Each structure stands twice: as C-alpha cells, then as structure tokens.
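The values are calculated or read from the model by the stated rules, or taken from the named source; none is laboratory data. In this text, all values refer to a predicted model and were calculated from it rather than measured experimentally. Positions of Cβ are backbone-derived with ideal geometry, glycine not excepted, and every protein chain shown enters the neighbour counts. Surface areas here come from the heavy atoms of the whole protein model, side chains and all, with no ligands, DNA or RNA. Shrake-Rupley method; radii C 1.70, N 1.55, O 1.52, S 1.80 Å.
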Amino acid sequence: MNIQVRYYSRGGNTKKLAEVIAKTIGCKAEQIPTPVDGSVDILFLGASVYWGGISSEVKDYIQTLDKGNIGKVVVFSTSALAERAFPQIQKKLQDKGIPVDTRNFYCRGEFTALHKGHPNQDDLETAKKFAKKIMERK
C-alpha cells in the first residue's frame, strides 16, 4: 500500500502534525509542492486556514493531483481563528473527482498570542491516534 503525506505550513503548526502522522504510518512528510510518487492509496493532505481560507499554494497543489493516481485523501489541518480547512479542501478535491475521507483531523495552531504552544503534546498524541484509526480501516 502506498501512503504519502503532503502539507503546507507557514508557521510550522501543520508541519508538526504532518511529521507525527508520517512517523506513525511509516512514511515521510513532504511539503507542497512535492508531487505524489506514483499511484497513492491514501494521501494525507495537511493545510491551515489563513484569513478565512486555504492558501493559494494548497489550491494550486490540488489542481496538480490526478484522480487516477489517488485512492483517497485524508485531510488534517490547523488554524488560529477560523474553523478547519476540511470543507474547502473537500470541495476542491471532489470537484476534481478525487475521493475524500469524511474523517479529518483538526486542532488549533499557535498564532502570535493565540493558542500558545499548540499544537501541544496532547494534540500530537490525538493526531497519532487519528492516523492509526485511518490505517485500521483502510
């Protein structure tokens, strides 16, 4: 089974989640715009919400994905103010005909004085559990 992790992170919050998810499932977390390698059964895709939306980098990356090479995408995200990135990413992927797992992971991320220390150790442990659950029900 080919499982890959891709993410976009400006401040490092989503990167922390990507790295713990990748370590848990036994692969490497790579930054967007690193393309997927071959056919991917599960692509974990991480992003954040900036000023109410996902970044143009994530939008552009989704446009490079080939629905014939992706079994399904599992979304994980962080944000300081807005809610999770899942609905926006789900819509973009579905518009391309790429299946999206409805299970997704979200936690608050640190931004200036907001949510200091997040994602924290508890958040990272929860992300590990999330990745394990996804792998149990491939």
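Points to keep in mind about this one:
- Among the conditions (1) in contact (Cβ under 8 Å) with a residue 24 or more places away in the chain; (2) of a type outside the set (D, E, K, R); (3) within 25 Å of GLN121 (Cα to Cα), PHE86 misses just one, which is (1).
- Single unsatisfied condition, TYR106 versus (1) in contact (Cβ under 8 Å) with a residue 40 or more places away in the chain; (2) closer than 15 Å to LYS15 by Cα; (3) touching a strand residue (DSSP E or B) at 6+ places or on another chain (Cβ under 7 Å); (4) of a type outside the set (A, V, I, L, M): (1)
- Flag set for THR24, criterion: in a helix (DSSP H, G or I) and either modelled with pLDDT of 95 or more or open to solvent by 70 Å² or more (accessible area, probe 1.4 Å) (or both).
- When the test is whether a residue is open to solvent by less than 30 Å² (accessible area, probe 1.4 Å) and at pLDDT 95 or above, ILE134 passes it.
- Residue list for segment 27-70, restricted to those being part of a loop (DSSP other than H, G, I, E, B), modelled with pLDDT under 90 and polar (S, T, N, Q): SER55
- Answer residue from segment 10-21, given it is within 13 Å of PHE105 (Cβ to Cβ) and of a type outside the set (Gly, Ala, Ser) and is most open to solvent (accessible area, probe 1.4 Å) among those: LYS16
- Among residues of segment 71-80, those that are open to solvent by 10 Å² or more (accessible area, probe 1.4 Å) and at pLDDT 95 or above, counted: 2
- Checked against the criterion of being within 20 Å of ILE3 (Cα to Cα), at pLDDT 95 or above, charged (D, E, K, R) and not in a helix (DSSP H, G or I), segment 99-121 contains one or more residues that satisfy it.
- Enumeration of residues in segment 30-60 that are open to solvent by less than 20 Å² (accessible area, probe 1.4 Å), under 14 Å from the mean Cα position of the chain (by Cα), under 18 Å from ASP101 (Cβ atoms) and free of Cβ contacts under 8 Å to residues at least 60 places away in the same chain: LEU43, LEU45, GLY46, ALA47, ILE54, VAL58
- Look at segment 124-138: where a residue is farther than 17 Å from ASP101 by Cβ and a partner is in a helix (DSSP H, G or I) and open to solvent by 70 Å² or more (accessible area, probe 1.4 Å), sitting 6+ places away or on another chain with Cβ atoms under 8 Å, you get LEU124/LYS16.
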